[in-house]
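Read the structure below first, then the notes.
The values are calculated or read from the model by the stated rules, or taken from the named source; none is laboratory data. What you see is a predicted model, and the numbers here were worked out from it, not measured in a lab. So basically every Cβ, Gly included, is an ideal-geometry build from the backbone, and we count neighbours across all protein chains shown.
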Amino acid sequence: MGTIRIEVGLKKNLTDPRGKNLQKKAKQFMNIQIDEVRTSDIYTIDANLTIDQISEFINKTLCDPVINYVKINPEFDSTYDFFCEIGFLPGVTDNVGKTAKSALETFLGYQLQEGENIYTSTLYAFKGNINERDIEYIASELLYNPLIQQHRIYKKSDKPIIYIPKVIIKQKIKVETFDLKKYSDEELMKLSRERLLALNLEEMKTIRDFFENKDFLREREKYGLKEITDVELESLAQTWSEHCKHKIFNATIEYDDGEGNIENIKSLFKTYIKSSTELINKERKDNFLVSVFVDNAGVITFNDKYNVVFKVETHNSPSALDPYGGALTGIVGVNRDVLGTGLGAKLIFNTDIFCFADPFYSEPLPPKILHPRRIYDGVITGVEHGGNKSGIPTINGSIVFDNRYLGKPLVYCGTGGIMPKEINGKPSHEKEVKDGYLIVMSGGRIGKDGIHGATFSSEELHEGSPATAVQIGDPITQKKMADFLYIARDRGLYTSITDNGAGGLSSSVGEMAQLSGGCEIELEKAPLKYQGLQPWEILLSESQERMTLAVPPENIEEFLRLSKQYDVESTVIGKFTSTGYLHVKYAGKTVAFMPLDFLHNGLPEMKLKAKFNPYIEKKINISHEAPNELLKNLLGSLNICSKETVVRKYDHEVQAMTIIKPFVGLYNDGPSDGAIIKPLPDSYEGLVITHGICPKYSDFDTYHMAACALDEAIRNAVCCGGNIDKMACLDNFCWCDPIKSEKNPDGEHKLAQLVRANKALYDYTTSYGVPCISGKDSMKNDYIMGNIKISIPPTLLFSLIGVIEDVRKTVTMDFKNSGDIIFITGITKDELAGSELLRLLNLKGGFVPKVDAKTNKKIYKALYNAIQNGYINSAHDCSDGGFAVAVAEMAFSGGLGCEIDLERLPSEGNLSTIELLFSESAGRIIFTAKEKHLKDIEKIFNGLPFAKIGHVTDGQLLKISYKNQVIIQENIFTLKECWQKTLRDL
Amino acid sequence: MAKCIVLTGFGINCEQECLWALELAGAKNAEIVHISQILEGEKKLNNYQFIVFPGGFLDGDDLGSAKVQVNRFTYAKIKSGKEKLIDSLLSFIEKGNLALGICNGFQFMVKAGIIPNTEKKHSFKQETTLTFNDSGRFEDRWVYLKVNKNSPCIFTNGIDTLYLPVRHGEGKFYCDEKTLNKIEANNLFVLQYSNQKLEPTMEYPYNPNGSLNAIAGICDTTGRLFGLMPHPEAFIYPYHHPRWTREKIEEADGLKIFKNALKYLA
């Protein structure tokens, strides 16, 4: 078989943005001066073809004749000094290579042989007074990630070496068995560790004991099985993992509140999350909640005809290893959750919230940690490609900065969908699986991607070893699959669908089989990316872009025909049964046979202890006397500054539904409190999407952290015109390890922090009447390397979705007209703990913001009422940076000045001007209205904390006075520049 | 009443709103058709008078934007026949029908050589291209567009200016000087990125990608085949305008393009 190496680059008279960008970064971040960088794309065709046969394809399809040159089997261009080529490791998804292969097949009119392929790489040519070490440094810092890519550096005199990252697996197919009754406790734990099962001793013993049951063993014998197989052991480990079973959230916890009160909590999830939603639902008496906590995502009512679906996931560890691939698979993964809810919802929006360390971090980095700037770049590009290429608008998000996210960045990816309430006369949120229905896998093929890495330790690393730990998503394969599935859904061709995420087929088929009461899988039928996968690997692989469906036998022909037409691979891999067993075969031989009940319900319950170590609140006095400077510095601080460069990389208006965009105001650059979308062409009904996240309060009390996050999400939605009676939220917990161990001495406190956050979730969702409809937890966000340990601050994200009756009545945050009156509602208190001001001044202490849900709920209803009546011109919530930051944002976004009398702010206690300006008390909203509505507004807010504090002016001055003294006076465009410049060039 | 086809499949993702735009503009007979339906012979281009190539990420833009779609049109055969996709597109064009390419659809029309077709031969020779933005990144932002009053484009009849969003990473219009001269001489450039005073500009971010001569859209000499980077289907209600909460928006700019097309066919 021949190989053809093709180099495609930009013609020499054209500038190369990719090369320029690298040149700039090398200078900016590494202080290496390069005279010129040119880049080119390399295609290595490994197939039985001649150049003549495909020269038209090379010259027309691989190359753009207007701007590109193309060279076949070229030498290096000797006018450059060094070259660096970056290619993928074997088994890593090469989307461009895959597309090139498929295009070549269209050109040829036939399929390439098994094993024939096209591989892509990128060639960088460098010119300048630089040496090989510089290139190595640039390559490792900016160009490649050794977990997924390989690099080669060449001098000008070298010849290019053909690199073909073909997967070669040398191991024979075999099924291992383990005679567990002969294993001591120590040996059980050794097995758990070595196979990366992450099962504890009690769990291992439960498995061992179960496999001694005589009746069960007799059943197994019928299929030629005795001892537990690797397929069974791996399935159990996966199904019983923290990720799938949420063991900590379901544990029995003995909680000590630090003041001598001890409480026994049986499952945090049931006690706080599920029961709060049940309580709210009981009181509502409408059909707002359609499906909660049972499916891949929560489902609520949109209107008489449609439901909406919302889900948020995290993808933290993968994003720490490979920020681009991790974030990309995060977003396309959560897309599949919504696609796999009920019979499948159409995807209509994405959200993304990230927690990173300072991208300008300049201290030495602990080992094996990528620089926060690389995480920032990679994650953002991953979400950009995931959302944009799937045609889903990314409409809401934020970035939280704290250096404790250095070891583990947090990447929250959310997706919303819409589906008709009924499809073919049946409720769309219900799944049905009957005995005899076929198990069908649709979408991508199976490789070693995402298998827990056990293979890494059990197989020696060699040139052809596939990289398994990290995966790269393929949005186009998924988009094609989604296009096909919507049609199959509407034609009623399948009755159940779920995605293949964590645990692969083991999870997806295992879960769906509960509906019929059993399944029989024929693993050898599953299409593979390359040969040589062990049966357990096929079952457990987390290869992306796959859905599992239940198809009634009478529909299978039509289903497969349609699938083929839409260029989606679908394969029958078995059938659902009612035997009560998970039965897995490989080439006719049974490799797993276990009761489904044991798989899903056999896991022993965890028992844990929690002890809270309370923070004692103490007044903090700030003597800083230059509020003007403080305001400017705060506006430029990482957590407050504009993220416009990032946000504009996301398509936020594809699908033509986005009515309030992420940026608003006179120059389309003011920070919106939330997004409004209008999903249907013939209706003004809409959705408001917001979120709240306040890890900065976790060090003080996670109870108030959780309360503030929920309040922030609701407040943001209210500012846009949201109705608190039509809101629902999702809870996503990201915690540091809350189980006490030698490595984790303060585990009991961290678990107590988790308990307290859950208590707040219960108290505040019920007080507000805003239920949780779905959620997720990620519990071990710690970095441990030698004696360095970095734990994230406990972080809880509330994502909110609300139904809007009429999008034409929504409001943005920018000042609209000079002369408008400025109001504030809510009470300002001395609550500076965790504030951006104290972070700026590097101080710690003070009182944590406490949420008064009873009053706030009245305020939120009053504002909703005023907005519905058309009285309100703009509204903005006071959060990070307090009152002063919020009012400055409203002014520069509207291109208008204002005059404020700070003394009029409703406040509690005797507050200093600094506290009035920068305290971050919850529940406060600034809004504006025309003078003529004053009386009506006063009537609506009668009895609530509320005041008229100033008015909008024509000039460009933000002027805040206190007792007739001007304390802040600044040009709004100067303020805007402070706010915009921090991240503009990153 | 004219029959309109909105093409979809393989990564196209603006088909739904293109259909809405057609319907809002008054089309009674418009449908979304998957490329595979044409390849299967279920649908035939010749039954339509107006084709829209919507935006998206055809085949992930993996070999350069829309390249694989051009490859597909050039080489893929329609089932039960010798005709290739491009042949059926050619006969569609030769009948005097209309084609509108938006963003990824514009990239397709340009790279397939459908426009500008300065030689008026329909030889499908690529003369111009759309390449990576000078900024090096994808961007979603609204831009002011000046309409070339002298262009033969039927889609922009009676329109002076447009305000629309761009959402692309590969939108920089580029060609050699000879081709540019022909485009200018024949007034085949239809839209130019402008500042707020409506002067065509090379200044970022008004010109968001560094397009040659600020060109944002071109047509063929008949004016019936038109492509543009900005998204007219993204501004079909006044509430799509980024400042509708502060300005009175009379009519959605993007809708005018679709109305003109339907008026021409009426």
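Is one or more of the residues making up the stretch A:124-134 basic (Lys, Arg) and away from chain B (no Cβ under 14 Å)? Looking for residues that are basic (Lys, Arg) and away from chain B (no Cβ under 14 Å), one finds at least one in the stretch A:124-134, hence yes.
Each residue in the stretch A:40-81 was checked for being buried (at least 18 other Cβ atoms within 10 Å of the Cβ) and touching a residue at least 40 places away in the same chain (Cβ under 8 Å), and 21 pass.
So, restricting to helices (runs of 4 or more DSSP H) that lie completely within the stretch A:174-254, which ones have at least 1 residues that are under 22 Å from residue A:503 (Cα atoms)? Before you say what the answer is, go through the steps one by one.
Numbers: elements: A:185-194, A:201-210, A:214-221, A:230-239, A:242-245, A:247-250.
Because the criterion is at least 1 residues that are under 22 Å from residue A:503 (Cα atoms), the helices (runs of 4 or more DSSP H) in the stretch A:174-254 that meet it are A:185-194, A:201-210, A:230-239, A:242-245, A:247-250.
Results for (1) surrounded by fewer than 22 Cβ atoms within 10 Å (Cβ to Cβ); (2) over 33 Å from the mean Cα position of the chain (by Cα), shown as yes or no for each residue.
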{"residue": "A:515", "(1), (2)": "yes, no"}
{"residue": "A:529", "(1), (2)": "yes, no"}
{"residue": "A:539", "(1), (2)": "no, no"}
{"residue": "A:561", "(1), (2)": "yes, yes"}
{"residue": "A:571", "(1), (2)": "yes, no"}
{"residue": "A:578", "(1), (2)": "yes, yes"}
{"residue": "A:581", "(1), (2)": "no, yes"}
{"residue": "A:588", "(1), (2)": "yes, yes"}
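Considering only residues that are crowded, with 16+ Cβ neighbours inside 10 Å and of a type outside the set (Phe, Trp, Tyr), look in the stretch A:200-218 and name the one that is farthest from the chain's Cα centre (by Cα). Selected residue: A:208.
Of everything listed in (1) in a loop (DSSP other than H, G, I, E, B); (2) more than 11 Å from chain B (Cβ to nearest Cβ); (3) within 19 Å of residue A:162 (Cα to Cα), the single unmet condition for residue A:79 is (3). Which of the residues that make up the stretch A:342-358 are over 19 Å from the mean Cα position of the chain (by Cα) and not charged (D, E, K, R)? A:342, A:343, A:344 - these are the residues of the stretch A:342-358 that are over 19 Å from the mean Cα position of the chain (by Cα) and not charged (D, E, K, R). For the stretch A:363-407, taking the residues that are acidic (Asp, Glu) and in a loop (DSSP other than H, G, I, E, B), the one that is farthest from the chain's Cα centre (by Cα) is identified as A:363. Test residue A:108 against the stated conditions and say whether it is within 14 Å of chain B (Cβ to nearest Cβ), more than 21 Å from residue A:152 (Cα to Cα) and of a type outside the set (Val, Ile, Thr). For residue A:108, the condition - within 14 Å of chain B (Cβ to nearest Cβ), more than 21 Å from residue A:152 (Cα to Cα) and of a type outside the set (Val, Ile, Thr) - is met.
Out of A:946, A:892, A:941, one residue alone is over 14 Å from residue A:826 (Cα atoms) and among the aromatic types (Phe, Trp, Tyr). It is A:892. Considering the stretch B:45-84, and only residues there that are of a type in the set (Gly, Ala, Ser) and more than 7 Å from chain A (Cβ to nearest Cβ), the residue that is nearest to the chain's Cα centre (by Cα) turns out to be B:55.
Which of the residues belonging to the stretch A:670-697 are surrounded by fewer than 24 Cβ atoms within 10 Å (Cβ to Cβ) and either under 13 Å from residue A:348 (Cα atoms) or over 25 Å from the mean Cα position of the chain (by Cα) (or both)? Those that are surrounded by fewer than 24 Cβ atoms within 10 Å (Cβ to Cβ) and either under 13 Å from residue A:348 (Cα atoms) or over 25 Å from the mean Cα position of the chain (by Cα) (or both): A:678, A:679, A:680, A:681, A:682, A:683, A:684, A:685.
What pairs come out if I take residues in the stretch A:1-22 that are within 14 Å of chain B (Cβ to nearest Cβ) and free of Cβ contacts under 8 Å to residues at least 60 places away in the same chain and pair them with residues that are assigned to a strand (DSSP E or B) and surrounded by 13 or more Cβ atoms within 10 Å (Cβ to Cβ) whose C-beta lies under 6 Å away, six or more apart or interchain? Cβ pairs passing all conditions: A:11/A:69; A:16/A:10; A:16/A:38; A:16/A:39; A:18/A:39.
Could we say that residue A:627 is more than 10 Å from every other protein chain (Cβ to nearest Cβ), under 25 Å from residue A:803 (Cβ atoms) and surrounded by fewer than 23 Cβ atoms within 10 Å (Cβ to Cβ) here? Please lay out each step first, then the result.
Values: more than 10 Å from every other protein chain (Cβ to nearest Cβ): yes; under 25 Å from residue A:803 (Cβ atoms): no; surrounded by fewer than 23 Cβ atoms within 10 Å (Cβ to Cβ): yes.
The answer is no for residue A:627.
Condition check for residue B:131 on (1) on the phi < 0 side of the Ramachandran plot; (2) polar (S, T, N, Q); (3) more than 10 Å from every other protein chain (Cβ to nearest Cβ): one failure, at (3).
For the stretch A:657-669, taking the residues that are among the β-branched types (Val, Ile, Thr) and within 23 Å of residue A:984 (Cα to Cα), the one that is surrounded by the most Cβ atoms within 10 Å (Cβ to Cβ) is identified as A:660.
Please determine whether any residue of the stretch A:63-73 is in a strand (DSSP E or B), within 11 Å of another protein chain (Cβ to nearest Cβ) and not small (Gly, Ala, Ser). Before the answer, list the steps.
From the stretch A:63-73, those in a strand (DSSP E or B) are A:68-72; that's our starting set.
Among the residues that remain, those that are also within 11 Å of another protein chain (Cβ to nearest Cβ) are: A:68.
Filter once more, keeping what is not small (Gly, Ala, Ser): A:68.
Yes, the stretch A:63-73 contains at least one residue that is in a strand (DSSP E or B), within 11 Å of another protein chain (Cβ to nearest Cβ) and not small (Gly, Ala, Ser).
Considering the stretch B:134-164 alone, what residues qualify as being within 7 Å of chain A (Cβ to nearest Cβ), in a strand (DSSP E or B) and out of contact with any Asp or Glu (no Cβ under 6 Å at 6 or more places or on another chain)?
If the condition is that a residue be within 7 Å of chain A (Cβ to nearest Cβ), in a strand (DSSP E or B) and out of contact with any Asp or Glu (no Cβ under 6 Å at 6 or more places or on another chain), then B:139, B:141, B:142 are the ones that fit.
Given the condition in contact with a Ser or Thr (Cβ under 8 Å, 6 or more places away or on another chain), within 13 Å of another protein chain (Cβ to nearest Cβ) and crowded, with 21+ Cβ neighbours inside 10 Å, answer yes or no: does some residue in the stretch B:87-105 qualify? Yes, the stretch B:87-105 contains a residue that is in contact with a Ser or Thr (Cβ under 8 Å, 6 or more places away or on another chain), within 13 Å of another protein chain (Cβ to nearest Cβ) and crowded, with 21+ Cβ neighbours inside 10 Å.
Output the residues belonging to the stretch A:14-36 that are in a strand (DSSP E or B) and within 34 Å of the chain's Cα centre (by Cα).
At the first step, the residues of the stretch A:14-36 found to be in a strand (DSSP E or B) are A:36.
Matches in the stretch A:14-36: none.
For every residue, the table says whether it meets (1) within 22 Å of residue A:698 (Cβ to Cβ); (2) within 14 Å of chain B (Cβ to nearest Cβ); (3) of a type outside the set (D, E, K, R).
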| residue | (1), (2), (3) |
| --- | --- |
| A:325 | no, no, yes |
| A:338 | no, no, yes |
| A:341 | no, no, yes |
| A:356 | yes, no, yes |
| A:386 | no, yes, yes |
| A:399 | yes, no, yes |
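Would you please name the residue that is nearest to residue A:813 (Cα to Cα), looking only at residues in the stretch A:681-693 that are outside any strand (DSSP E or B) and more than 10 Å from chain B (Cβ to nearest Cβ)? Here the residue is A:685.
Determine if the stretch A:675-686 includes at least one residue that is within 30 Å of residue A:258 (Cα to Cα) and modelled with pLDDT of 95 or more.
Going through the stretch A:675-686, the residues within 30 Å of residue A:258 (Cα to Cα) turn out to be none.
No.
Note on the stretch B:1-31: among residues that are crowded, with 20+ Cβ neighbours inside 10 Å and not hydrophobic (A, V, I, L, M, F, W, C), the one that is farthest from the other protein chains (Cβ to nearest Cβ) is B:15.
All of (1) away from every other protein chain (no Cβ under 13 Å); (2) under 30 Å from residue A:472 (Cα atoms) hold for residue B:117 with one exception: (2). Residue check: is residue B:162 more than 30 Å from residue B:136 (Cβ to Cβ), at pLDDT 95 or above and buried (at least 21 other Cβ atoms within 10 Å of the Cβ)? Criteria not met by residue B:162.
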